[in-house]
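K.L.:
The structure's right below; bear with me while I get my questions together.
The values are calculated or read from the model by the stated rules, or taken from the named source; none is laboratory data. The structure displayed is predicted, hence computed values, not measured ones. Here the Cβ positions follow ideal geometry from the backbone for every residue, glycine too, while neighbour counts run over all protein chains shown. These accessible areas exclude ligands, DNA and RNA; they are computed on the full protein's heavy atoms, side chains included. Shrake-Rupley method; radii C 1.70, N 1.55, O 1.52, S 1.80 Å.
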Amino acid sequence: FAAPLGTRERLSTLAAIVLTVGGTTLLGLVMMVRTHDFRWLVLSLPFLIMLLIASRFAPSGYRLAPDGVHVERKVGPKVLPYRDIRAVDREPRSVKGITFGGSNGLFGRFGRFWNPRLGLYRLFLSNTSSVVWLSTSEGWVAVSPDRPEEFAAGVQARLGDRTRST
């Protein structure tokens, strides 16, 4: 159920990288030439490190495994156990909110967020066009598989199996 970034998301990601790292590198070079202080060359280093860390936590796919929904990431999967999932739906909800440690557009939308309608929620989105919402014991979680209807039906089938076996 991998959901690649769309063209718009890829372009905005590329623009953010070029502007952030390229802009601070250029500024560092200009300041180094003006002041003759070579320490200015590392001006872009903190931004580059932040970008590398963010790219490692970005969702790259989604998998329905026996133990739960796996959000695939370069740092390792985030597992949402079926026992914690109460319901699944495709209702449109706003993914906009205040970010509490995450990315709000660069490499996708992921991390913890808050807004008045949903309260505290988590996003693992590679795009915003195919969002599937999971109601969990810890609040709302959104994922964006490439085949959202099939994914939601698969989660619902697992939830149904779980409730029948208990």
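K.L.:
Among Trp140, Trp114, which is assigned to a strand (DSSP E or B), touching a Leu at 6+ places or on another chain (Cβ under 7 Å) and more than 21 Å from Arg73 (Cα to Cα)?
P.N.:
Matching residue, one of Trp140, Trp114: Trp114.
K.L.:
Taking Gly76 as meeting all but one of (1) closer than 29 Å to Ala16 by Cβ; (2) open to solvent by less than 40 Å² (accessible area, probe 1.4 Å); (3) at pLDDT 95 or above; (4) not aliphatic (A, V, I, L, M), write down the number of the exception.
P.N.:
(3)
K.L.:
So, Val95, is that one surrounded by 18 or more Cβ atoms within 10 Å (Cβ to Cβ) and not acidic (Asp, Glu) or not?
P.N.:
Judged against the criteria, Val95 is a match.
K.L.:
Further, regarding this structure: Name, by its number, the condition in (1) under 23 Å from Gly61 (Cβ atoms); (2) open to solvent by 30 Å² or more (accessible area, probe 1.4 Å); (3) more than 16 Å from the chain's Cα centre (by Cα) that does not hold for Leu159.
P.N.:
(2)
K.L.:
So, in region 109-142, how many residues would count as being closer than 15 Å to Asp84 by Cβ, free of Cβ contacts under 8 Å to residues at least 40 places away in the same chain and among the small types (Gly, Ala, Ser)?
P.N.:
1
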